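Peer 1: Before I ask anything, here is the structure I am working with.
The values are calculated or read from the model by the stated rules, or taken from the named source; none is laboratory data. Model, not experiment: these values are computed from the prediction. FYI the Cβ positions are ideal-geometry reconstructions off the backbone, even for glycines, and counts take in every protein chain you see. Keep in mind that these areas ignore ligands, DNA and RNA; they rest on the heavy atoms of the full protein, side chains included. Shrake-Rupley method; radii C 1.70, N 1.55, O 1.52, S 1.80 Å.
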Amino acid sequence: MLFYSFFKTLVGKQVTVELKNDLAIQGTLISVDQFLNIKIDKIKVIDEERYPHMIPVKNCFIRGSVVRYIQIPPEEVDKPLLQDATRREAQQQQHQAQIAKA
Amino acid sequence: MNNLNLENFFTTGQSLQPYLDKDLLVVLRDGRKLLGILRSYDQFANLVLQDTIERIYVNNSFGDIERGIYIVRGENVVLLGEVDKDAEDDLDLQELPIEQILQMQKEEADEKARKEKIRLQLLHKQGFSVDFVETDMY
């Protein structure tokens, strides 16, 4: 759930989503769900001439499974917090595994 | 799972709700573009579209095929977006009869296949392995 929580902190920020079919869409992140499906608003497609069907589309829902990369603004990432959260989650999982064994 | 806070848990259920009964563009993994009204969906993004048309784009022209009701299995969905009708009318695209568009699409595909064949032949001459793998990039 870490990445889901992480992306939730980026809601409202400018992101660029690159899909596995090479389509890259820039816009404002509106929401993200547990599958990392994302919704973005005020979209702008990179290399628009190649994708004329996308021009009249202003906001869209992208299925998480077709995303290759999400580019995020570096200044919006709290790296120490992310590191801490990663370790905490790993520790928690270890702890739970021990309980399950016992 | 006891510390999950379900209050602020986004689900596909909530995120597709605003798209219900709207005119949408749906892009599928095989490159098809469907235009229709979203009537139902679930958490996998399985969709039911009504009054669907499939629109085929070739260069600066397009053609429509009427398809009716569509049920799309979620795994095939790439994205769906609301279509702004005014922006659509402003587009510098020409609508052509579907037979002509299909012919153009075929020619484009043939040309692409021909170029790919030449590329593979050249690579083969250079000693590269050219096992042909058909991939849709997903």
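Peer 1: Based only on Cα atoms, what mean projected area does the convex hull of chain B have, in nm²?
Peer 2: The number I arrive at for chain B is 13.2 nm².
Peer 1: May I ask you to derive the relative contact order of chain A, considering only C-alpha pairs under 8 Å and at least 6 residues apart, and to give it as an integer percent? Mind dumping the intermediate values first?
Peer 2: Values: 138 pairs, mean separation 26.3, N = 102.
Computed value for chain A: 26 percent relative contact order.
Peer 1: Of B:Lys33/B:Lys85; A:Lys13/A:Lys79; A:Lys39/B:Lys115; A:Lys8/A:Lys58; A:Lys20/B:Lys33, which sit over 27 Å apart, Cα to Cα?
Peer 2: Beyond 27 Å between Cα atoms: A:Lys39/B:Lys115.
Peer 1: Shifting gears a bit: As I understand it, the value is the acute angle between the Cα axis of helix B:98-125 and the longest principal axis of the Cα atoms of chain B; what does it come to in degrees, rounded to 10?
Peer 2: 60 degrees
Peer 1: Rolling a 1.4 angstrom probe over the protein chains, ignoring ligands and nucleic acids, what is the accessible area of B:Ile53 in square angstrom, nearest 10?
Peer 2: Looks like 40 Å² after rounding.
Peer 1: Compute the Rg to Rh ratio over the stretch A:8-75 from the alpha carbon atoms, using the Kirkwood formula for Rh, and round to two decimal places.
Peer 2: Answer for the stretch A:8-75: 0.94.
Peer 1: While we're looking at this one, here's another question. What is the ratio of the Cα radius of gyration of the stretch B:72-138 to 2.2 N^0.38 Å, with N the residue count, to two decimals?
Peer 2: Taking the Cα Rg and dividing by 2.2 N^0.38 Å, one obtains 1.71.
Peer 1: Is it possible to state the helix-based mean residue ellipticity at 222 nm for chain B, with each DSSP H run of 4+ residues giving -39500 (n - 2.57), the sum divided by total residues, to the nearest 500 deg cm²/dmol? What is it? Walk me through the numbers before you get to the answer.
Peer 2: Values: 3 runs with 39 residues, N = 138.
The helix contribution divided over chain B gives -9000 deg cm²/dmol.
Peer 1: Ballpark to the nearest 100 Å², how much total accessible area do B and A bury together, probe 1.4 Å?
Peer 2: 2700 Å²
Peer 1: If you split all Cα-Cα distances of the protein assembly as shown into 10 Å bins from zero, what percentages do you get per bin, shortest first?
Peer 2: 6, 25, 30, 20, 13, 5, 1, 0
Peer 1: Also, quick follow-up: About the Cα centre, and with charges only on the beta carbon of Lys, Arg (+1) and Asp, Glu (-1), how big is the dipole of chain B? Nearest 20 debye, please. Please report the intermediate quantities before stating the final value.
Peer 2: Values: 16 positive and 27 negative charges, 159 e Å.
Using only the charged Cβ atoms, the result is roughly 760 debye.
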